[in-house]
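I have placed the structure first, in the form of structure tokens, so that the comments after it can refer back to it.
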Amino acid sequence: GSTHGYEFGDEIWFLCHLVEYCQPREYYHFFVVMDKTTMKPKRWSYLFKFEGEKIEYALGLVITEKHIMVSYSKWDSEPTIGIYDKFKIEMEIF
């Protein structure tokens with residue numbers, strides 16, 4: 001889990017996370033892109049962090065032609081909106 005699915009063209013994008021249950025817990029994120037028709041995974045990213053904090057939790061996702069926008073918090077208290085270059089992300093993490 002993490003974000004809702006965001007339809008973009010013939011794809012549905014998700015931002016997911018996994019948690020390492022240590023003290024304190026540590027979150028890692030990854031994108032999953034599904035085929036809109038078959039709902040089969042098309043590609044996924046490597047694990048990453050937004051800012052390198054142990055606790056980062058993402059909830060919102062918007063995809064445009066040029067940008068990926070994510071709402072997330074650091075340490076469950078510092079809300080942030082990240083706006084990233086879509087082309088750069090696709091080249092670096094897929």
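The values are calculated or read from the model by the stated rules, or taken from the named source; none is laboratory data. In this text, all values refer to a predicted model and were calculated from it rather than measured experimentally. Cβ coordinates were reconstructed from backbone atoms using ideal geometry, including for glycine residues, and neighbour counts include every protein chain displayed. For accessibility, only protein heavy atoms count, side chains too; no ligands or nucleic acids. Shrake-Rupley method; radii C 1.70, N 1.55, O 1.52, S 1.80 Å.
Once phi is turned into ³J(HN,Hα) by the Karplus curve 6.51 cos²θ - 1.76 cosθ + 1.60 with θ = phi - 60°, what whole-Hz value does each residue of segment 88-94 show in order, with x for glycine and proline?
The phi angles translate into 4, 5, 4, 6, 8, 10, 9 Hz.
Within the set Lys54/Lys74; Lys42/Lys86; Lys42/Lys74; Lys49/Lys88, which residue pairs have Cα atoms separated by over 20 Å?
Table pairs above 20 Å Cα-Cα are Lys42/Lys74.
In square angstrom, what is the accessible area per residue of segment 1-77 with a 1.4 angstrom probe?
58 Å²
Taking a ≥ b ≥ c as the square roots of the eigenvalues of the Cα gyration tensor of segment 1-52, is the shape rounded (a/c under 1.5), prolate (a/b larger than b/c) or oblate?
Cα axes put segment 1-52 in the prolate bin.
Segment 40-94: D in µm²/s via Stokes-Einstein (Kirkwood Rh, Cα pairs, 4 °C, 1.567 mPa s)?
106 µm²/s
How much length is gained on full extension from Lys49 to Thr80, taking 0.36 nm per residue of separation minus their Cα-Cα distance?
9.8 nm
Tell me which residues come under 5 Å, amide H to amide H, from Phe8 once H is placed; ignore anything under 5 positions away on its chain.
Here the answer is Trp13, since their amide H atoms fall under 5 Å of that of Phe8.
Based on Cβ point charges of +1 for Lys and Arg and -1 for Asp and Glu, what charge dipole magnitude is obtained for the chain about its Cα centre, in debye rounded to the nearest 20?
So the magnitude is around 160 debye.
Using a 1.4 Å probe over the heavy atoms of the protein chains, calculate the carbon and sulfur portion of the accessible area of the chain as a whole percent.
57 percent
Stokes-Einstein diffusion coefficient for the chain at 10 °C in a medium of 1.306 mPa s, Rh from the Kirkwood formula over Cα pairs: what value in µm²/s?
So the translational diffusion coefficient is about 116 µm²/s.
Amide H to amide H under 5 Å from Leu61: which residues, 5+ apart in sequence or cross-chain, H placed 1.01 Å off N in plane?
His4, Ser71
Given Cα pairs under 8 Å that are at least 6 residues apart, what percent is the relative contact order of the chain?
Rounded, it is 21 percent for the chain.
Excluding residues fewer than 8 places away in the same chain, name every one of the aspartates and glutamates whose C-alpha is closer than 17 Å to that of Lys40.
Leaving aside aspartates and glutamates fewer than 8 places away in the same chain, those within reach of Lys40 are Glu7, Asp10, Glu11.
For segment 1-56, which GluC sites (Glu not before Pro) pass both filters: DSSP loop (anything but H, G, I, E, B) and at most 13 other C-beta atoms within 10 Å?
When the GluC sites (Glu not before Pro) of segment 1-56 are filtered for loop state and at most 13 Cβ neighbours within 10 Å, Glu51 remain.
Grab the DSSP H runs of the chain that are 4 residues or longer, score each as -39,500 (n - 2.57), total them, divide by all residues and round the 222 nm result to the nearest 500 deg cm²/dmol.
About -2500 deg cm²/dmol.
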